[in-house]
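Visitor: Below is the structure I would like to discuss, written out as structure tokens.
The values are calculated or read from the model by the stated rules, or taken from the named source; none is laboratory data. Model, not experiment: these values are computed from the prediction. Glycine gets a Cβ as well: all are built from the backbone with ideal geometry, and neighbour counts include every protein chain shown.
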Amino acid sequence: EAAVTQSPRNKVAVTGGKVTLSCNQTNNHNNMYWYRQDTGHGLRLIHYSYGAGSTEKGDIPDGYKASRPSQENFSLILELATPSQTSVYFCASGHWGGAGEQYFGPGTRLTVL
Amino acid sequence: AQKVTQTQTSISVMEKTTVTMDCVYETQDSSYFLFWYKQTASGEIVFLIRQDSYKKENATVGHYSLNFQKPKSSIGLIITATQIEDSAVYFCAMREVVSSGSWQLIFGSGTQLTVMP
């Protein structure tokens, strides 16, 4: 079954440290997305990609970078983590040209101390 | 800009009854797509059902159906014969095209559904 997986599932980082969240999809989808979910804000888009080598800024990109080295993999990078980036991060994939459904990974809970 | 609004923060119903969750949206597009997602207590987010704006028929998948009222910019999710395992947070979402061939979803804030035995 096609799937979106994320690693790690839980991460504790220190302020100022570098954090990399990884996402892999076997859906063969062109589009991939990174969201964060916070109480009171719902799901907010950080970065997205429409194919290998591309990354685009979403609604809240400040403090984050993204990397899409292949169709299957999409990473979110926090170069200098801050406590305000403590959140749950979701990766999703979607088919180019489709109606718009996205399929989500299980999420990564990140705590920045 | 497109916007999706869910005004019901939480709903409680008895098992085996029918529940409707509300969602209104704003868009300037003549053709658009609307979605409902379910987030379980474990955090898993699952796609449930989609409505294409150009279709007059309300979408139905299993015990999920939609009440699409285009003149009111409203897309309600109806769950019939609710089960305990339907307890979750339900998100309404709309597709927003950001560039050719690429799009994002605009999500509402979610409605917490509790199904009681």
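Visitor: Evaluate the following for A:ASN27: is it facing chain B (nearest Cβ under 10 Å) and at pLDDT below 95?
Guide: Criteria not met by A:ASN27.
Visitor: Scan A:LYS18, A:LYS11 and give me the residue that is basic (Lys, Arg) and either modelled with pLDDT under 95 or in contact with an Asp or Glu (Cβ under 8 Å, 6 or more places away or on another chain) (or both).
Guide: The conditions single out A:LYS18.
Visitor: What's the total number of residues in segment A:40-49 that are at the interface with chain B (Cβ under 10 Å from one of its Cβ atoms) and on the phi < 0 side of the Ramachandran plot?
Guide: Here the count works out to 6.
Visitor: On the given criteria, is A:PRO61 without any contact (Cβ under 8 Å) to a residue 60 or more places away in the chain, part of a loop (DSSP other than H, G, I, E, B) and within 14 Å of chain B (Cβ to nearest Cβ)?
Guide: Criteria met by A:PRO61.
Visitor: Let me ask something additional. Scan segment A:64-90 residue by residue and report those that are of a type in the set (Phe, Trp, Tyr) and assigned to a loop (DSSP other than H, G, I, E, B).
Guide: Answer for segment A:64-90, where residues must be of a type in the set (Phe, Trp, Tyr) and assigned to a loop (DSSP other than H, G, I, E, B): just A:TYR64.
Visitor: Sticking with this structure for a sec: Could you check how many residues of segment A:29-58 are assigned to a loop (DSSP other than H, G, I, E, B) and of a type in the set (Val, Ile, Thr)?
Guide: Summing the residues that are assigned to a loop (DSSP other than H, G, I, E, B) and of a type in the set (Val, Ile, Thr) in segment A:29-58 gives 2.
Visitor: So, in segment A:4-45, how many residues would count as being aliphatic (A, V, I, L, M) and free of Cβ contacts under 8 Å to residues at least 40 places away in the same chain?
Guide: Adding up the residues that qualify gives 1.
Visitor: Let me ask something additional. Consider segment B:6-35. How many of its residues are within 11 Å of chain A (Cβ to nearest Cβ) and either touching an Asp or Glu at 6+ places or on another chain (Cβ under 6 Å) or assigned to a strand (DSSP E or B) (or both)?
Guide: Residues that pass the stated criteria total 3.
Visitor: For segment B:53-66, which residues satisfy the criterion of being over 25 Å from A:GLN37 (Cβ atoms) and surrounded by 15 or more Cβ atoms within 10 Å (Cβ to Cβ)?
Guide: Answer for segment B:53-66, where residues must be over 25 Å from A:GLN37 (Cβ atoms) and surrounded by 15 or more Cβ atoms within 10 Å (Cβ to Cβ): B:SER53, B:ASN58, B:ALA59, B:SER65.
Visitor: Quick check on A:GLU56: is it touching a strand residue (DSSP E or B) at 6+ places or on another chain (Cβ under 7 Å) and at the interface with another protein chain (Cβ under 10 Å from one of its Cβ atoms)?
Guide: Yes: the conditions hold for A:GLU56.
Visitor: Could I ask something else about it? From the list B:PHE68, B:PHE47, exactly one residue is outside any loop (DSSP other than H, G, I, E, B), touching an Asp or Glu at 6+ places or on another chain (Cβ under 7 Å) and of a type outside the set (Val, Ile, Thr). Which is it?
Guide: The match here is B:PHE47.
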